[in-house]
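These notes are about the structure you will find just below.
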Amino acid sequence: MAFAGLDVGTTSSKAVVYDDEGTVLGTGRAPMEWDTGPFGTQTDSERLCRSAFDALNFAAKAAGVSVRAVGVTSMGESGVLVDAQGRSLTPVIAWHDDRDRAEVADLTATIGPETFGGTAGKPLRGQWSLTKHRWLLTHDPAARDAVRRFDVAGWVVHRLGGEPALELSLAGRTGWFDLAAGDWWDDALAWSGATRSLMAPLVAAGAPVGAVTSDEVNPLLCDAVLTFAGHDHQASALGARATGPGHELDSSGTAEALVRTIDTLPARSDVARLAAAGITTDPSVEVGHWSLLGGTEGGLAQQRTLERLGVDLAELDRAAAENPGAGPGAQWRAVVEQAADEALALHRAMDDVVGPATRVVVTGGWRHSSEVMRAKHSRFPDLQVSTADEAGALGAATLAARACGAIGPHDHLGAS
């Protein structure tokens, strides 16, 4: 029996097919193409699907076996608006696009950071769906004809043959979701010009939402059960087996993210306090739990330093170990130390509100750097290193296996 995990990300879509032991049978990757124009960074709904479908097709072809279920995880915040005939109406704005600066200023004046942070669990900035939706209604008349909004994973699942639905962790990334109520926040909807009817029905991660019927994907995927695997960082935490109560994932890639799973939703004032520290709160892909997420640009700073110095990573790590007080080794160590301190500050901010983490697991490309890992081990004494290469895809495939009943609701693919 085989299961596919599809991770639709900002730079590329990644897909992996696994057997029921968690062994990789086939992999696929396809770039995500964006346009940068006078307004900012955007793509269209067809290119988004093409990236996802290409990755899935490459993986299915490489695996060469029928796939029983497909789990889809994705970047958050970006959305697809469609009319009554299901036709896409507007560009898909990148989550990191900043064209909505005026809308963010208005949201700050109208609702305010404290209320927004405590209700939606988000720092008040231009990342979330609601400000970009308001921008579209103001600047693109076609947006006013929309009858349904899909998030990225929701659009891909629907195009594969699934029912219109919005998974809870991704609903949390919109800025429209009232965490304590577990429902849409009417004040935020009204402010942005959105309505409840525009939103797809809410579902939990790992719930079956139909089957693959699209003729745009490999026949080996036909009739596979479809499910959502939620926000990509949370799927990575699941793939790295870091979603137990008090567990924390340190996803150490270009964008470093700390993802902490907790049992209960903090008080509204504490959710606002976390947001003020740059930490988001969302429903977890582990049903009945919650997820805290804080991010830094430490990985990006490390990558830029590596490129600027023009030195191989292993050589730079060696220089930092042998001569940390001068030359490239000193420069590398300083950047790595700064990145580690930023991650530690987020870790401690979470600790201050929800108590100490019980386990920290690191994944991502920077785990291969001895200098990065030295800095992390000095700050997180009980740090564990995940061996999963595509943790997001593995987490998505795990939820696919759960969705079709191949494993239990708390089980994982493969050996522990």
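Each value in this text was obtained by applying a stated rule to the coordinates, not by laboratory testing. Since this is a predicted model, take the numbers as computed values, not measurements. Glycine also receives a Cβ, built like all others from the backbone with ideal geometry; neighbour counts cover every protein chain displayed.
Each peptide in 216-223, 304-311 was scored by the mean count of other Cβ atoms within 10 Å over its residues; highest first, the order is 216-223, 304-311. Give me the tail of P(r) for segment 1-81 as a percent: Cα-Cα pairs with distance above 15 Å. In whole percent, the share of Cα-Cα pairs in segment 1-81 beyond 15 Å is 56. Label-to-label distance for GLU297 and THR115 is 3.1 nm, based on points extended 7 Å past Cα in the beta-carbon direction.
Hey, any idea what the orientation-averaged projected area of the convex hull of segment 242-385's Cα atoms comes to, in nm²? Mind dumping the intermediate values first?
On the way: hull surface 33.1 nm².
Here the figure is 8.3 nm², rounded to one decimal.
Ranking VAL271, THR281, HIS233 by Cα position along the charge dipole of segment 200-317, where only Lys, Arg, Asp and Glu carry charges on their C-beta atoms, puts VAL271 farthest toward the positive end.
Given +1 at the Cβ of Lys and Arg, -1 at the Cβ of Asp and Glu and no other charges, the dipole of segment 242-385 around its Cα centre is 80 debye to the nearest 20.
Available extension along the chain between HIS368 and ALA267 is 32.5 nm, counting 0.36 nm per residue and deducting the alpha carbon span.
Taken about its Cα centre, the chain carries a charge dipole of roughly 80 debye when the Cβ of each Lys and Arg holds +1 and the Cβ of each Asp and Glu holds -1.
Which order do peptides 42-54, 26-38 fall in by mean Cβ count within 10 Å, highest first? Provide the component values of the computation, followed by the final result.
Values: 42-54: 19.8, 26-38: 15.5.
Result, highest mean first: 42-54, 26-38.
On a full-extension model of 0.36 nm per residue, what is the gain between ALA334 and ALA190, subtracting their alpha-carbon distance, rounded to one decimal in nm?
Values: separation 144, 0.36 × 144 = 51.84 nm, distance 4.69 nm.
Result: 47.2 nm gained on full extension.
Just need log10 I(q)/I(0) for the chain at q = 0.13 Å⁻¹, Debye formula, equal scatterers on the alpha-carbon atoms, no solvent, rounded to two decimals. Debye output, listed in q order: -1.12.
Taking neighbour counts of Cβ atoms within 10 Å as a proxy for exposure, in what order, fewest first, do VAL336, VAL72, VAL8 appear? Provide the component values of the computation, followed by the final result.
Values: VAL336 25, VAL72 32, VAL8 28.
Arranged by neighbour count, lowest to highest, VAL336, VAL72, VAL8 become VAL336, VAL8, VAL72.
Protection proxy ranking of 148-157, 280-289, by the mean of other Cβ atoms within 10 Å over each peptide's residues and highest first, is 148-157, 280-289.
Sequence-ordered 3J(HN,Hα) estimates for segment 354-363 from the Karplus curve with 6.51, -1.76 and 1.60 and θ = phi - 60° stand at 10, x, x, 5, 8, 6, 10, 10, 9, 9 Hz, glycine and proline given as x. Taking θ as phi - 60° and the Karplus parameters 6.51, -1.76 and 1.60, the scalar couplings of segment 221-237 work out to 9, 4, 6, 5, 5, 9, 8, 8, 10, x, 5, 4, 5, 5, 4, 5, 4 Hz in sequence order, x denoting glycine and proline.
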